[in-house]
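A.B. asks: Before we start, here is the structure in question, set down as C-alpha cells.
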Amino acid sequence: MAKFEKANSVGEWLDQRLNTTALTKVLMTEYWIPKDINFLWAMGVLLAVTFKILVISGLFLMMYYKPDVNLAFDSVNYTIMQEVAYGWLFRHMHGVAASVVFLIIYIHMFTGIYYGSYKQGREMIWISGMLLFMTFSAAGFSGYMLPWGQMSYWAAMVITNLFGGVPVIGDALVVWIRGDFNVADATLTRFFMLHVFLLPIVIMGIIGLHFYTLRIPHVNNQKGEEIDYDAEAEKYLTGNKKEAKVIPFWPVFISKDFAILGIFLIFYFYLVFFHYNFAMDPVNFDPADNMVTPAHIYPEWYFLWSYEVLRGFFFDVGPVKAFDIGLAAFGFANVIFLLLPWLDRDTKILPAHKRPMFFIWFWVLMADLIVLTIWGKLPPTGTNAWIGFAAAMLFIILFLVLPIVTKIDAKKRGE
Amino acid sequence: MRELKILAVVVVLTLVTYWGVEPFAHSQMHPHVEPANYNFAEADKETTKEAVTVAKEALEEAQKENNEKDIHLAQVEYDNAVAFEKTMTDFWTANEEVTSLTGNAENGAVLVQSNCTACHSIEKQGFPQLMDNASAAAAYGVVPPDLSTAGKIYTKDYLVAFIKDPALASKVSHKFVDGKIHPMPGYGWMQPQEIADMVAYLQSISPKEMTNKEVFTDACQRCHGIKYGDMQGGTMAAKTPNENIKAYMGKLPPDLSQYIRSRGESYLHTFVNDPQKHLEGTAMPRVGLTNDAEVQVVKYMQEVGDSKKEQREALGPKFLIYLVIFAIFAWLWKASKWRDVH
C-alpha cells in the first residue's frame, strides 16, 4: 500500500487517496482542445446539459407517474400537470428537452459530417455517437408512449408492427416485443422500464465511451488541420498562449461553451414557458382508444425523415410487396450513417467547402432530409406520395454515390 | 462574423423544418372552415348553399365519367341537397315572423308551465326535476335540460327555431329519419305570438350573470363529462348515464377535460357554434349558444384543462430574466478567458 501522511486539507486528503490533482489535469486543465473551433463544437456540452435536464425532470415525473393503462393518462395530465406543485414545469421541461435534444443531436451530427470529423482515426467517435443517437431514439420512442394518449398508442402500434416484417419469426417477434397480442398494459410497463432505467443507463455508458473515444485522436477543428498536441501544449504551458494552437478544456474552452449554453438556455426556456405546444402533439391529449384510429398517424418530428423513407415505397415491384421494400429502405436509412467513415473515400480530413463535390453532396443531403421530414408528416396521397418516393430514392442514391463523389474530390486535388 | 453566418444557416434550416412540420402540415391536414357565425339563419343559408354546390360538382364529375350508377347516386344526393336547402330557407323565413313579434312574458309563463314542465324542470321558478337523472335519461334518451337559464345562454332566434322544430334547429335532422323522432316534440303548430311569448318568458326569468362553470353545466354537461373539473368529487361527470347517452348518440361523447389542449381555442369556437363544420354527420347538436355563452364555455374548459396557465405566464419572464443575466456573465467570463489566447 502507498504511504499516507497526515493531510493538511480536505483537498490534500483526497489527493493522496484519489490522485485528484492528476485527474483534474487529464480531464480538465490539460485536456487540450484545438483553438480553431466555432460554436458548433459546443453542441456536445449542450447535449450533456440537456440530457441532465431530462434525467432530473424525469426523476420528478417518475415520482407521480403511474405506468398502468387505466391511470397513466390522468397521472400525467391531471396529477402532474395540475395537482403537483410545479409538476407542469417539469413536464414541459422534459417534453421540450426531449424534442430539443434531437435538434442538437442533428446539428452535432451534421457538424461532424461537414468537417469530416468521422474519418481517419476518429471512427470510434463517430460510431459511439451514432450508437448514442440510436439509444436516444429508442428512449424518445419509449417515453413518447408513456402518457398513453392517442398518438402514443398508435405510434407504438405502427412501430411494433414493423417487426412483423422480419422474415420467419416476424409475427412471434411482434408479440414478444409487446408482451401481448396487442399494444396493452404489458407493453406500457415494459416501455416504462426501458425508458426510466435500461435506456438511460445505456446512454450514460455510451456517453462515457463517447468522451473516451476523443482522448487519442482528439477533437477535430475547422480546417481539419493535423495538430502536434504535445508541442502545442508545451507552447501553451510555457506561456506562449497566443501562438499555441490548443487551449485547455478548463477554463478556456468551457468558458465559450458556457457562453453558448447561456444563449441556448434562453431559447430552451422560452420554448418551455411560451411555446411548449410544438413538442406536444395535440392528438396526444386524447386518451388512447384502440377502437378509433386517428385521421393521420405520424411520429415526432425527429423521426419523420426515416418514417418517410419507410413509407416512400408505396407500390409493389413485381412479387415484392411495398411494405417489404419500405422496411428494407428503413433499415438501410438507420444503419447507413454508421458506415459513413468507410463510405467516404477521401484520403484527407477537410471541411466540406474544401471538397467541391462533397460540398454539393452535403447540401443535397440536407435538403433531402428536410423534404423527407416535411413530407413525412403530410398525408401520403397523390403528389405527396410521389414526392416522398423521390426523396426516399434520392436518400438511398446519395449514399450509394458517396464513395465515388469523395474519390473524385481526392483525385482532383491530385491525390 | 463567420460564426454568425453559420448560426444564420442553422437557424434558417431549423425554421424551414419547423414551418414544414407545424403550420404547413397543419394547414394541409385540417381544412379551413368558415368562422363561427351566431346568426343561425344566415349560417344555415351559407352551409346549405355550399352543400348544393358540392353536390352539383359531384354530379357533373359523375356525368363526365359517364357511369350510370354513379350518376344516379350523385343525382339523388343533389336532389336531397336542393330539397334540404329549400326546407331550411322556409324554416328560417317562418321563424322570422315569430322573432319580429314582441312577446308577452306573463302569457308565456302560462304556456311554458303548461306545455314544458312535464319534462323540463325550471328550478328557479319552483318547478323541480320530476325524476332523477337516471330515470329521466331512461325515459327520454338524454336528461332534459332545466330551463332556468335557457333565455340567457341561447340566442333568441335559436330558441324560437328550437321550440318549433328541435331537429332542424340543432342540425341533427339527419339522425331522425326512418321513423326515429327527436325526444322533444316540435311546437310548430302553435301560433307565432304564443311562441314569441314563451321565449319572452324564458328570457325574463334568466339570470343576468352566470359563472363560466354554470354555463358549461347547462350547455354541455347533460352529455359530456369534464372530470378534471372535480376529479375527486366526481360531480363533473356527464348527467346522462353512460349507457343511455351511448345509445342516444351512437357513441359515448368524450370527456372534455383536455379538449382545450387537444383541440385548441379556435377549433372549439367553430365546433361549438356548428359541430357539422368539423365533423360532418356528427350526432352532436348545434347547441345554439350566444357568442358570450360560448366564450364562457371555452374559458371554463381552459380553467379546467390548463389550470396552471397564470402561474406559467407569471413565472416565465422571471426565468428568462435570470437566464439573460446568466448569459451576460457567461459571455464576460468567456471574454476574459479568451483574451489571452487570441
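Residues checked against (1) closer than 21 Å to A:GLY262 by Cβ; (2) within 14 Å of chain B (Cβ to nearest Cβ); (3) modelled with pLDDT of 95 or more:
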| position | (1), (2), (3) |
| --- | --- |
| A:GLU5 | no, no, no |
| A:LEU27 | no, no, no |
| A:ILE37 | yes, yes, no |
| A:VAL45 | yes, yes, yes |
| A:PHE51 | yes, no, yes |
| A:LEU54 | yes, no, yes |
| A:GLY58 | no, no, yes |
| A:TYR65 | no, no, yes |
| A:LEU71 | no, yes, yes |
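A.B. asks: For segment A:371-383, name all the residues that are surrounded by 14 or more Cβ atoms within 10 Å (Cβ to Cβ) and without any contact (Cβ under 8 Å) to a residue 60 or more places away in the chain.
C.D. replies: A:VAL371, A:LEU378
A.B. asks: Have a look at A:LEU339, A:LEU350 and point out the one that is in a loop (DSSP other than H, G, I, E, B) and out of contact with any helix residue (DSSP H, G or I) (no Cβ under 7 Å at 6 or more places or on another chain). Working first, answer last.
C.D. replies: Values: A:LEU339 fails: in a loop (DSSP other than H, G, I, E, B).
Within the list A:LEU339, A:LEU350, the selection yields A:LEU350.
A.B. asks: What are the residues in segment B:1-59 that are more than 30 Å from B:ASP292 (Cα to Cα), polar (S, T, N, Q) and assigned by TED's automatic domain parsing to the domain that holds B:ILE71, if any?
C.D. replies: Listed by number, the list holds a single entry, B:THR53.
A.B. asks: Further question on the same structure: Could you identify the single residue in A:THR79, A:THR21 that is assigned to a helix (DSSP H, G or I), free of Cβ contacts under 8 Å to residues at least 12 places away in the same chain and polar (S, T, N, Q)?
C.D. replies: A:THR21
A.B. asks: Here are some conditions: (1) open to solvent by less than 90 Å² (accessible area, probe 1.4 Å); (2) under 25 Å from the mean Cα position of the chain (by Cα); (3) not basic (Lys, Arg); (4) not assigned by TED's automatic domain parsing to the domain that holds B:ALA293. B:PHE91 meets all but one. Which one does it not meet?
C.D. replies: It is condition (4) that B:PHE91 fails.
A.B. asks: Then there is this: Please pick out the residue among A:ALA288, A:ALA328 that is open to solvent by less than 70 Å² (accessible area, probe 1.4 Å) and free of Cβ contacts under 8 Å to residues at least 12 places away in the same chain. Before you say what the answer is, go through the steps one by one.
C.D. replies: On the way: A:ALA288 fails: free of Cβ contacts under 8 Å to residues at least 12 places away in the same chain.
Step by step, each of A:ALA288, A:ALA328 is checked, and only A:ALA328 is open to solvent by less than 70 Å² (accessible area, probe 1.4 Å) and free of Cβ contacts under 8 Å to residues at least 12 places away in the same chain.
A.B. asks: Still on this structure: I need the full set of residues from segment A:384-411 which are of a type in the set (Gly, Ala, Ser) and either in a loop (DSSP other than H, G, I, E, B) or open to solvent by less than 20 Å² (accessible area, probe 1.4 Å) (or both), in order please.
C.D. replies: A:ALA385, A:GLY388, A:ALA391, A:ALA392, A:ALA410
A.B. asks: What's the number of the condition B:GLU243 fails, among (1) within 10 Å of chain A (Cβ to nearest Cβ); (2) in a helix (DSSP H, G or I)?
C.D. replies: (1)
A.B. asks: Would you confirm, using the coordinates I've provided, whether A:VAL364 is open to solvent by 10 Å² or more (accessible area, probe 1.4 Å), more than 14 Å from chain B (Cβ to nearest Cβ) and among the β-branched types (Val, Ile, Thr)?
C.D. replies: no
A.B. asks: Considering only segment B:100-128, state which residues are more than 22 Å from B:PRO185 (Cα to Cα), in contact (Cβ under 8 Å) with a residue 40 or more places away in the chain and not in a helix (DSSP H, G or I).
C.D. replies: Listed by number, the residues that qualify are B:LEU101, B:THR102, B:ASN104.
A.B. asks: Looking only at segment A:144-170, filter to residues that are part of a helix (DSSP H, G or I), among the aromatic types (Phe, Trp, Tyr) and within 21 Å of A:LEU199 (Cβ to Cβ); which one of those is least open to solvent (accessible area, probe 1.4 Å)? If you could, list the steps in order and put the result at the bottom.
C.D. replies: At the first step, the residues of segment A:144-170 found to be part of a helix (DSSP H, G or I) are A:144-145, A:150-165, A:170.
Restricting the remaining residues to those that are among the aromatic types (Phe, Trp, Tyr) gives A:144, A:153-154, A:163.
Of the ones still in play, those that are also within 21 Å of A:LEU199 (Cβ to Cβ) are A:144, A:153, A:163.
On the way: A:TYR144: 35, A:TYR153: 7, A:PHE163: 86 Å².
For segment A:144-170, the residue satisfying everything is A:TYR153.
A.B. asks: Additional query: Can you name the residue in segment B:129-169 that is of a type in the set (D, E, K, R) and not in a loop (DSSP other than H, G, I, E, B) and, of all such residues, is farthest from B:ASP90 (Cα to Cα)? Break it down stepwise before answering.
C.D. replies: Kept after step one, since they are of a type in the set (D, E, K, R), are these residues of segment B:129-169: B:132, B:146, B:152, B:156-157, B:164-165.
Subset that is not in a loop (DSSP other than H, G, I, E, B): B:152, B:156-157, B:164.
Working: B:LYS152: 27, B:LYS156: 18, B:ASP157: 15, B:LYS164: 13 Å.
Ranking the candidates gives B:LYS152 first.
A.B. asks: Just one of (1) touching a Leu at 6+ places or on another chain (Cβ under 9 Å); (2) free of Cβ contacts under 8 Å to residues at least 24 places away in the same chain trips up B:HIS26, so point out which.
C.D. replies: (1)
A.B. asks: Could you go through segment B:30-49 and let me know if any residue there is open to solvent by 90 Å² or more (accessible area, probe 1.4 Å) and either within 14 Å of chain A (Cβ to nearest Cβ) or on the phi > 0 side of the Ramachandran plot (or both).
C.D. replies: Looking for residues that are open to solvent by 90 Å² or more (accessible area, probe 1.4 Å) and either within 14 Å of chain A (Cβ to nearest Cβ) or on the phi > 0 side of the Ramachandran plot (or both), one finds at least one in segment B:30-49, hence yes.
A.B. asks: When both residues are 6+ apart or on different chains and their Cβ atoms are under 6 Å apart, which pairs have a first residue that lies in segment A:266-283 and is more than 9 Å from every other protein chain (Cβ to nearest Cβ) and open to solvent by less than 40 Å² (accessible area, probe 1.4 Å), and a second that is part of a loop (DSSP other than H, G, I, E, B) and not aromatic (Phe, Trp, Tyr)?
C.D. replies: Nothing qualifies.
A.B. asks: Separate question: I'd like the full set of residues that are more than 30 Å from A:TRP250 (Cα to Cα), more than 7 Å from every other protein chain (Cβ to nearest Cβ) and in a loop (DSSP other than H, G, I, E, B), limited to segment B:289-342.
C.D. replies: Scanning segment B:289-342 gives B:THR290, B:ASP306.
A.B. asks: Now a separate question. When residues of segment A:219-248 are filtered for being open to solvent by 20 Å² or more (accessible area, probe 1.4 Å), small (Gly, Ala, Ser) and not in a loop (DSSP other than H, G, I, E, B), how many remain?
C.D. replies: Residues meeting the conditions: 1.
A.B. asks: So B:ALA293 ticks every box in (1) small (Gly, Ala, Ser); (2) touching a residue at least 24 places away in the same chain (Cβ under 8 Å); (3) farther than 30 Å from B:LEU101 by Cβ; (4) touching a strand residue (DSSP E or B) at 6+ places or on another chain (Cβ under 9 Å) but one. Which box is left unticked?
C.D. replies: B:ALA293 satisfies all of (1) small (Gly, Ala, Ser); (2) touching a residue at least 24 places away in the same chain (Cβ under 8 Å); (3) farther than 30 Å from B:LEU101 by Cβ; (4) touching a strand residue (DSSP E or B) at 6+ places or on another chain (Cβ under 9 Å) except (3).
A.B. asks: May I ask you to say which residue of A:PHE90, A:PHE102, A:PHE51, A:PHE73 is touching a strand residue (DSSP E or B) at 6+ places or on another chain (Cβ under 6 Å), open to solvent by less than 60 Å² (accessible area, probe 1.4 Å) and closer than 22 Å to A:LEU146 by Cα?
C.D. replies: A:PHE73
The values are calculated or read from the model by the stated rules, or taken from the named source; none is laboratory data. Predicted, not measured: the structure shown is a model, and the values here were computed from it. A quick note on method: Cβ atoms are made from the backbone with ideal geometry, for glycine too, and the neighbour counts reach across all protein chains shown. The area values use the complete protein model at the heavy-atom level, side chains included, leaving out ligands, DNA and RNA. Shrake-Rupley method; radii C 1.70, N 1.55, O 1.52, S 1.80 Å.
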